[in-house]
């Protein structure tokens, strides 16, 4: 996606522009020390270090931010937040960027969005993750027959080790539904 496309999508959604402004405000006192990058367990897998991403946020480089996978690879482990000498809410800012990317429905993040939704729907429905059903829902949401085929080898290995059960145990409805509804209501307020 090009910079103009991202900027056009953001211009059409003032609520998302507010989210980005909030992230920028949270990062305004960042001293670019690099502690977040050095303490991040996933930094070696990121295409841009967290420090560089915060710099891109501060300089309004939305093209760099949303062409990167950095915020999607954040494990929300809070190590960066705990070690930040300024005490900045780095993990919360990463979560805000994820929400903006999901809301913009950028091609680059569609698979991650679909996986997240399949995962959360499964937890809402059963109160726990039923791996087989969750992956089936994800594969149906992706609508690309090549994606499930790419997981065939791993699925066979997991089934051989009895780590993946093809049958679904009979459980009652999940008890987490009201909890998710309450969290959604609080978030809307």
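FYI, it's all coordinate maths here, none of it is from the lab. Here the structure is a predicted model, which means the values were calculated and not measured. Here the Cβ is made from the backbone with ideal geometry for all residues, glycine too, and neighbour counts use every protein chain on show.
Across the chain, Cα pairs under 8 Å and at least six residues apart give a relative contact order of 18 percent. Listed from fewest to most Cβ neighbours within 10 Å, the set 37, 112, 76 follows the order 76, 112, 37.
At q = 0.10, 0.23 Å⁻¹, what log₁₀ I(q)/I(0) does a Debye calculation on the Cα points of the stretch 64-150 give, no solvent, two decimals? After summing over all Cα pairs, the log10 values are -0.33, -1.13.
Cα-Cα pairs above 23 Å in the chain: how many percent? Above the 23 Å cut-off, the chain has 54 percent of its Cα pairs.
The label point for residue 69 and the one for residue 15, both projected 7 Å from the Cα toward the Cβ, are 2.9 nm apart.
For a distance above 17 Å, tell me the whole-number percent of Cα pairs in the stretch 109-188 that qualify. Taking all Cα-Cα pairs of the stretch 109-188, the fraction more than 17 Å apart is 56 percent. Legend: translational diffusion of the stretch 1-77 by Stokes-Einstein, Rh = Kirkwood radius over C-alpha pairs, 37 °C, 0.692 mPa s; D = 249 µm²/s.
Note: relative contact order over the stretch 45-92, using C-alpha pairs below 8 Å and six or more positions apart, is 32 percent.
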